[in-house]
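Taking it in order: structure first as structure tokens, then the write-up.
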Amino acid sequence: MVKEAIQRMVAGNGLFYPIIGFASFLVLIYWSFGDLWVNYRNGPELSFVQRNGTHFMVDGRVFYVNGWNSYWLMDHAVDHYTRPRVREMLRAGAKMGLTVCRTWAFNDGAYNALQISPGRYDERVFRALDHVIAEARKHGIRLLLSLVNNLLPYGGKTQYVKWAWEEGVGLSSSNDSFFYDPSIRNYFKNHVKALLTRRNTITGIQYRDDPTIFAWELINEPRCISDPSGNTLQDWIEEMSVFVKSIDKKHLLTTGLEGFYGPKSPKRLTVNPGEWAANLGSDFIRNSKISTIDFATVHIYPDQWFPEQELEEKLKYVSKWMVSHIEDGDKELRKPIMFTEFGLSNLSKGFQPSQRERFYKIAYDVIYESAQKNDSGAGSFVWQFLVGGMEEYNDDYGIVPWESPSMYRLITQHSCRLAVSQGVLPSQKEHLKELCLQRR
């Protein structure tokens, strides 16, 4: 009967060859993505992360995050020869007991751009982001997705201003016009809507309905130096956070702040790393108090802030910086505090890998103590983790954690300590059982 069917197709006005061609195309697609189609539902069940006061909650219990940054995931998912690195990194993160990865959901006008021009997207790159989300789901990793860069890499606000200028609608060529130009604000809102309502071509789930996404971050490290009063940035955060929440009421939202205290804050003189930090147009307390912002973010880069200081002074400051912001979360904001970037440069004076380990340990100890006390210090994210063969993507902070046994042990020990404190998440069971038994 099969032979007769083939003969009928051959005789049927030449339909056989188009059918074979289409079948071959389906086979190719399956080879590329079929593992995700088949297996993404077989990963651990994930539920939406929620907030209750100063705490994140998952399935009715408090959730403290041991996370990391791999900003490059979408970019590497575009090309077949680099795509395996995405799975390798997410699988390794899961094996270390990590729970959330912070990564970019933007690439504006650059190489492998997601957004080619305002409102125009490269479907090939959007499918790469689909792949990242689906792959994270398989490994039980949640994603903190940032929506735009304040800095130049991957386009950032500079690209938005350039687009408006080229179209003849820009009010100013200043990068800070990103925050106040009505046309640019609309560009960004359109980008937000395109992302949040995107239906994942692999899972079939709209991004706004996918619990794999831990939260949205409005912008990485926002600064508006042209208005040190902070009013311009405050207005932008208020408008954009309301807009995000009008589309997506299921996910948490944060700003992406570095944590500097503004010109009217008493802490600008006692905690900020210098007078300059109060004049960047941002204000940790004011920006984070907005009702549509669910949690506050802080970054930690003592080697950038105090290049001439000795290590001991830097580490002492790190502890002071973290504790100050956790106190703010408990007393001022009544919201969780996330240290979404921390790192020590290998270009620092007299750098040794052991110095970076000491820094990590301080950050981890502060978070663990917060968990023990039920305080608002809700998690930390190393900047940054890579896999082997990514030297060109490595800044002076990146590490391949499993290449350093002592660093790997430090990271996994923190995962185990948090698990003992809060309980093991269902997504962690497979790895933590063996991992934490080894620590005893």
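Tallying residues that are under 22 Å from Asn112 (Cβ atoms) and out of contact with any strand residue (DSSP E or B) (no Cβ under 8 Å at 6 or more places or on another chain) within the range 76-95 yields 13. Inclusion of Leu129 among residues that are at negative phi, touching a residue at least 40 places away in the same chain (Cβ under 8 Å) and buried (at least 23 other Cβ atoms within 10 Å of the Cβ) is warranted.
For the structure I just gave you, tell me whether Ser345 is over 25 Å from Ala215 (Cβ atoms) and polar (S, T, N, Q).
Numbers: over 25 Å from Ala215 (Cβ atoms): yes; polar (S, T, N, Q): yes.
Against the criterion (over 25 Å from Ala215 (Cβ atoms) and polar (S, T, N, Q)), Ser345 qualifies.
Right, Glu392: more than 22 Å from Glu258 (Cα to Cα), part of a helix (DSSP H, G or I), free of Cβ contacts under 8 Å to residues at least 60 places away in the same chain and open to solvent by 70 Å² or more (accessible area, probe 1.4 Å) or not? Against the criterion (more than 22 Å from Glu258 (Cα to Cα), part of a helix (DSSP H, G or I), free of Cβ contacts under 8 Å to residues at least 60 places away in the same chain and open to solvent by 70 Å² or more (accessible area, probe 1.4 Å)), Glu392 qualifies. Can you find even one residue in the range 270-286 that is touching a strand residue (DSSP E or B) at 6+ places or on another chain (Cβ under 6 Å) and over 22 Å from Leu344 (Cα atoms)? Checked the range 270-286: no residue is touching a strand residue (DSSP E or B) at 6+ places or on another chain (Cβ under 6 Å) and over 22 Å from Leu344 (Cα atoms). The sole residue among Asp227, Asp248, Asp209, Asp283 that is without any contact (Cβ under 8 Å) to a residue 60 or more places away in the chain, over 20 Å from the mean Cα position of the chain (by Cα) and closer than 24 Å to Arg51 by Cα is Asp283. Selection of the range 179-219 for residues being under 21 Å from Thr340 (Cα atoms) and open to solvent by 20 Å² or more (accessible area, probe 1.4 Å) yields only Pro211. The number of residues in the range 222-259 that are within 30 Å of Leu425 (Cα to Cα) and not hydroxyl-bearing (Ser, Thr, Tyr) comes to 13.
So, in the range 364-387, exactly how many residues are touching a strand residue (DSSP E or B) at 6+ places or on another chain (Cβ under 8 Å) and not in a helix (DSSP H, G or I)? Residues flagged as touching a strand residue (DSSP E or B) at 6+ places or on another chain (Cβ under 8 Å) and not in a helix (DSSP H, G or I) within the range 364-387 amount to 12. Scanning the range 51-84 for residues that are buried (at least 21 other Cβ atoms within 10 Å of the Cβ) and in contact with a His (Cβ under 8 Å, 6 or more places away or on another chain) returns Phe63, Asn66, Ala77.
With the checklist (1) in contact with a strand residue (DSSP E or B) (Cβ under 9 Å, 6 or more places away or on another chain); (2) over 30 Å from Asn186 (Cβ atoms); (3) among the hydroxyl-bearing types (Ser, Thr, Tyr) in hand, flag the one item Ser319 doesn't pass. The number of the failed condition is (1). When the range 189-206 is limited to residues that are outside any helix (DSSP H, G or I) and touching a residue at least 40 places away in the same chain (Cβ under 8 Å), the one that is farthest from Asn107 (Cα to Cα) turns out to be Thr203. From the set of residues in the range 154-178 that are among the charged types (D, E, K, R) and open to solvent by less than 40 Å² (accessible area, probe 1.4 Å), which is nearest to Ser246 (Cα to Cα)? Only one residue fits best here, namely Lys157. The set of residues from the range 403-440 being within 30 Å of Pro153 (Cα to Cα) and either open to solvent by less than 90 Å² (accessible area, probe 1.4 Å) or touching a Lys or Arg at 6+ places or on another chain (Cβ under 6 Å) (or both) comprises Ser404, Met407, Tyr408, Ile411.
Considering the conditions (1) in contact with a Gly (Cβ under 7 Å, 6 or more places away or on another chain); (2) not in a loop (DSSP other than H, G, I, E, B), Lys429 is excluded by exactly one of them, (1). Residue count for the range 331-363 under the criterion of being within 13 Å of Leu315 (Cβ to Cβ) and either open to solvent by less than 10 Å² (accessible area, probe 1.4 Å) or not in a loop (DSSP other than H, G, I, E, B) (or both): the result is 12. Answer yes or no: is there a residue in the range 137-157 that is modelled with pLDDT of 95 or more, out of contact with any strand residue (DSSP E or B) (no Cβ under 8 Å at 6 or more places or on another chain) and of a type in the set (A, V, I, L, M, F, W, C). No: zero hits.
Name the strands (runs of 3 or more DSSP E) wholly inside the range 72-175 in which the number of residues that are within 17 Å of the chain's Cα centre (by Cα) is 1 or more.
On the way: elements: 100-104, 115-117, 142-146.
Of the strands (runs of 3 or more DSSP E) lying wholly inside the range 72-175, those with at least 1 residues that are within 17 Å of the chain's Cα centre (by Cα) span 100-104, 142-146.
The values are calculated or read from the model by the stated rules, or taken from the named source; none is laboratory data. Since the structure is predicted, the reported quantities are computational estimates derived from the model, not experimental observations. Positions of Cβ are generated from backbone atoms using ideal geometry, with glycine treated the same way; all protein chains shown enter the neighbour counts. Just so you know, the surface numbers come from the protein's heavy atoms only, side chains and all, with ligands and any DNA or RNA stripped out. Shrake-Rupley method; radii C 1.70, N 1.55, O 1.52, S 1.80 Å.
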